[in-house]
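Each remark here refers to the structure printed beneath this line.
Where a number appears in this text, it was derived from the coordinates with a stated rule and is not lab data. Only a predicted model underlies this, so the values are computations on that prediction, with no experimental measurement involved. Don't worry about glycine lacking a Cβ; one is built from the backbone with ideal geometry, like all the others, and counts go over all protein chains shown.
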Amino acid sequence: MNVDFVKAVAQLGAEKGIAPDILYEAVEEALITAYKKNFGSAMNVRVTLNKSTGEIHVFAKKNVVEAIEDPAIEIDLEKALLLNKKYQIGDVIEEEVTPKNFGRIAAQNAKQVIVQRIREAERGMVYDKFSSRENDIVTGVVQRIEGKNIYIDLGSAEGILLPNEQIQGEEYNYHDRLKVYVVEVKKTTKGPQIILSRTHPGLLRRLFELEVAEIQDGTVEIKSVAREPGMRSKIAVWSNDENVDPVGACVGQKGMRVQNIVNELRGEKIDIVKFSADPQEYVANALSPSKVIVAVADESEKICRVIVPDYQLSLAIGKEGQNARLAAKLTGWKIDIKSESQAIESGELEYADDEVNKASADDSMDNGEQEHNEE
């Protein structure tokens, strides 16, 4: 095996980003295989490769015994003592058995093993790279379309957008550039399989995290996301700084921030609402853009009864119940919506007014106690 071959191995490793030692180990494994195949399959051998000169040396490992039964793996004590007087029965010695012209035979086998090892190493690097990016966004280009599956070129790898991860009605064309969410990276016999999504709620969350500086620095937090892909989404945000409006930060100047996300999602409508620890206020906010007259939460049943103006009942419920459904998903509360006239007829509005009045009275008492304490 000549010097050029050894240099080529080192250069190939550098180009592929694979440590040369990994490839040298592969070469040595190939040499062992080649020797056993051509010169002695029963032998237990060790091969060394000089990385500077390309010289190969093959050593057969033999057990020192009193009487030889298998010459391929044993040597008698008398012959072993001629090599070294310190050998005893039971020791293992190494005897050089390098054949002539072995380098040429070995090189052919080594090439095949190196190619295989490079392929395995590349797959391993791809898996490590993308498994660390699970639950994150990557940008890719539509490379090919097979049936209902869309294959996305991610640069060093290819991801797959399965039918159930595609936005209904969204068209994908060759060379389209998309932001996609990495759902899972699986190890397979053909290499890593990267499952992508355009429908996952995490895609919307990560788009806001990338677009809004206040979310990146921790001033604004995303508390919850509810999404019906391609149609409408709701996102609840909260500010850790009373001087920062979380909704305004996400909307951006002249609506530029949210518009960039809407454009990426190809027109999906997005409602940004303010989170509240008070479930009544939170549910009322979540029903945006409709206005809420009053909301009463029942903690035991985890249900919030909401009353809205008559002219806004359809807006609160939304087309085919979409707005109410998303609000319930966002808050985690069941929501019972009634119009003002329906609530008056059933007597619920009077009950709700009592709740409001009671809350106002409690606030007045609290303020009185605070004034008394200050005195």
* Length released on extending from Thr219 to Trp238, taking residue separation times 0.36 nm less the Cα-Cα span -> 6.0 nm
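Please report the projected area of the chain's Cα convex hull averaged over all directions, in nm². Don't skip to the end; give the middle numbers.
On the way: hull surface 142.6 nm².
Averaged projected area of the chain's Cα convex hull equals 35.7 nm².
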* **Electrostatic dipole magnitude of the chain [Cβ: Lys, Arg +1; Asp, Glu -1; Cα centre; debye, to 20]** => 3120
* **Inter-probe distance in nm under a simple model that places probes 7 Å from Cα toward Cβ, at Val141 and Val3** => 4.2
* For Glu96, Glu209, Glu268, what ranking results if the residue with the fewest other Cβ atoms within 10 Å of its Cβ goes first? -> Glu96, Glu209, Glu268
* In debye to the nearest 20, how big a dipole does the stretch 3-129 give about its Cα centre with +1 on each Lys and Arg Cβ and -1 on each Asp and Glu Cβ? -> 540
* To do: Pull out the extension gain between Leu82 and Lys36, defined as 0.36 nm times the separation in residues minus the alpha carbon to alpha carbon distance; nm, one decimal.
  => 13.9 nm
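From the gyration tensor of the Cα coordinates in the stretch 3-129, what semi-axes in whole Å does the equivalent ellipsoid have, largest first, with each one equal to sqrt(5λ)?
35, 15, 13
Please report the antiparallel percentage of DSSP beta bridges with both residues in the stretch 3-129, rounded to the nearest 5. Write out the running numbers ahead of the final one.
Numbers: 11 of 14 bridges.
Beta bridges within the stretch 3-129, antiparallel portion: roughly 80 percent.
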* Structure fact -> Unit-weight point scatterers at every alpha-carbon of the stretch 224-344, Debye formula, q = 0.09, 0.10, 0.16, 0.18 1/Å: log10 I(q)/I(0) is -0.25, -0.31, -0.77, -0.95
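Within 10 Å, count the other beta carbons around each residue, average over each peptide in 341-348, 118-125, 300-307, and list them highest first.
Values: 341-348: 13.9, 118-125: 15.8, 300-307: 17.9.
Averaged packing, sorted descending, gives the order 300-307, 118-125, 341-348.
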* To do: Under 9 Å from the Cβ of Gln342, count the other residues' Cβ atoms, weight Lys and Arg +1, Asp and Glu -1, and hand me the total.
  => -3
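For the chain, what are the DSSP H helices with axial Cα length of 30 Å or more and mean Kyte-Doolittle hydropathy of at least -1.0? Kindly include the intermediate steps, with their values, before the conclusion.
Numbers: long enough: 102-131 (42 Å, -0.41); 348-374 (39 Å, -1.76).
Membrane-span-like by this criterion, though nothing is claimed about a membrane: 102-131.
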* **Efficiency of FRET between Arg119 and Asp310 - r from beta-carbon atoms, R0 45 angstrom, step 0.05** => 0.10
* To do: Would you list the P(r) distribution for the stretch 144-257, with all Cα-Cα distances sorted into 5 Å bins from 0 and each bin expressed as a whole %?
  => 2, 10, 18, 19, 16, 13, 11, 7, 3, 1, 0
* Structure fact -> Placing each pseudo-label 7 Å from Cα in the direction of the beta carbon, Gln168 and Thr188 end up separated by a distance in nanometres of 2.7
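Kirkwood Rh, Cα Rg: Rg to Rh for the stretch 134-197? Can you show the working numbers first?
Values: Rg = 11.0 Å, Rh = 11.8 Å.
Radius of gyration relative to Kirkwood radius: 0.93.
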* Structure fact -> For the table Lys274/Lys334; Lys36/Lys186; Lys129/Lys234; Lys186/Lys274, the rows whose alpha-carbon distance is greater than 28 Å are Lys36/Lys186; Lys129/Lys234; Lys186/Lys274
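Determine, from the Cβ-Cβ distance of Ser341 and Glu281 and an R0 of 25 Å, the FRET efficiency 1/(1 + (r/R0)^6), rounded to the nearest 0.05.
Computed FRET efficiency for Ser341 and Glu281 comes out at 0.55.
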* To do: Using per-residue counts of other Cβ atoms within 10 Å, averaged over each peptide, order 313-325, 81-93 from highest down.
  => 313-325, 81-93
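At 222 nm, what helix-only mean residue ellipticity would the chain give, in deg cm²/dmol to the nearest 500, using -39500 (n - 2.57) for each DSSP H run of four or more?
Values: 13 runs with 157 residues, N = 375.
Roughly -13000 deg cm²/dmol at 222 nm, from the helical runs in the chain.
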* To do: Treat each spin label as a single point 7 Å out from the Cα along the C-beta direction, and report the Thr53 to Met256 distance in nm.
  => 6.8
* **Ratio of the Cα radius of gyration of the stretch 250-306 to 2.2 N^0.38 Å, where N counts its residues** => 1.43
* Rounded to the nearest 20 debye, dipole of the stretch 14-81 from Cβ charges on Lys, Arg, Asp, Glu -> 240
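Over all directions, the average projected area of the alpha-carbon convex hull for the stretch 200-275 comes to how many nm²? Walk me through the numbers on the way to the answer.
Numbers: hull surface 17.4 nm².
Averaging across all directions leaves 4.4 nm² for the Cα convex hull.
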